[in-house]
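For reference, the structure discussed in these notes is given below.
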Amino acid sequence: QVQLVESGGGLVQAGGSLSLSCAAAESIFSRNAMGWYRQAPGQQREMVATITSGGNTNYADFVKGRFTISRDNAKKMVYLQMNSLKPEDTAVYYCNQVSLTPSRPIPIRRWGQGTQVTVSS
């Protein structure tokens, strides 16, 4: 059973924008914090942004001021608006349910297929 489906990736020039979407199963989304992660070729997966069920957000330093995470609880959707994109933002982007521990968010579920974001210089 597919539980997380990401979409919205593509090819964009540096300075451009993309909006990513994540559809989550009810069992994942309901009253849970969600997060966006990314993995560039040859790199470890890293957290980009998280959002609680109440809308509190947190961002990695490298996207602060450029990316915005949001959610629509009725639609069970999580979004990532990405502005002022840089070539180093090129990666596969994933969403997941997260556990917000004191040290760092921990992804909970099996990863979906992700969506590729490519930023050209």
Among (1) open to solvent by 30 Å² or more (accessible area, probe 1.4 Å); (2) within 15 Å of PRO107 (Cα to Cα); (3) among the polar types (S, T, N, Q); (4) under 13 Å from the mean Cα position of the chain (by Cα), there is one condition THR50 misses while meeting the rest; what is its number?
(1)
Just to verify a result, which residue in region 1-60, among those that are part of a loop (DSSP other than H, G, I, E, B) and among the aliphatic types (A, V, I, L, M), is nearest to TYR93 (Cα to Cα)?
ALA40
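Per-residue answers, yes or no, for (1) in contact (Cβ under 8 Å) with a residue 60 or more places away in the chain; (2) of a type outside the set (Lys, Arg); (3) touching a strand residue (DSSP E or B) at 6+ places or on another chain (Cβ under 8 Å):
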{"site": "GLY54", "(1), (2), (3)": "no, yes, no"}
{"site": "TYR59", "(1), (2), (3)": "no, yes, yes"}
{"site": "GLY65", "(1), (2), (3)": "no, yes, no"}
{"site": "THR68", "(1), (2), (3)": "no, yes, yes"}
{"site": "LYS76", "(1), (2), (3)": "no, no, yes"}
{"site": "LEU80", "(1), (2), (3)": "yes, yes, yes"}
{"site": "PRO102", "(1), (2), (3)": "no, yes, no"}
Can you work out which of the residues in region 17-60 that are among the small types (Gly, Ala, Ser) and in contact with a Phe, Trp or Tyr (Cβ under 7 Å, 6 or more places away or on another chain) is nearest to ASN73 (Cα to Cα)?
SER21
Looking for something surrounded by 12 or more Cβ atoms within 10 Å (Cβ to Cβ), touching a Ser or Thr at 6+ places or on another chain (Cβ under 9 Å) and within 14 Å of LEU4 (Cα to Cα) - is there at least one such residue anywhere in region 36-43?
yes
Here the residues within region 64-121 that are modelled with pLDDT of 95 or more, part of a strand (DSSP E or B), over 12 Å from the mean Cα position of the chain (by Cα) and buried (at least 18 other Cβ atoms within 10 Å of the Cβ) are VAL119
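The values are calculated or read from the model by the stated rules, or taken from the named source; none is laboratory data. Given the structure is predicted, the values throughout are model-derived calculations rather than measurements. Using ideal geometry, Cβ is built from the backbone for each residue, glycine included, and neighbour counts are taken over all protein chains shown. The protein model used for the area step is the full one, side chains on, heavy atoms only, and it has no ligands, DNA or RNA in it. Shrake-Rupley method; radii C 1.70, N 1.55, O 1.52, S 1.80 Å.
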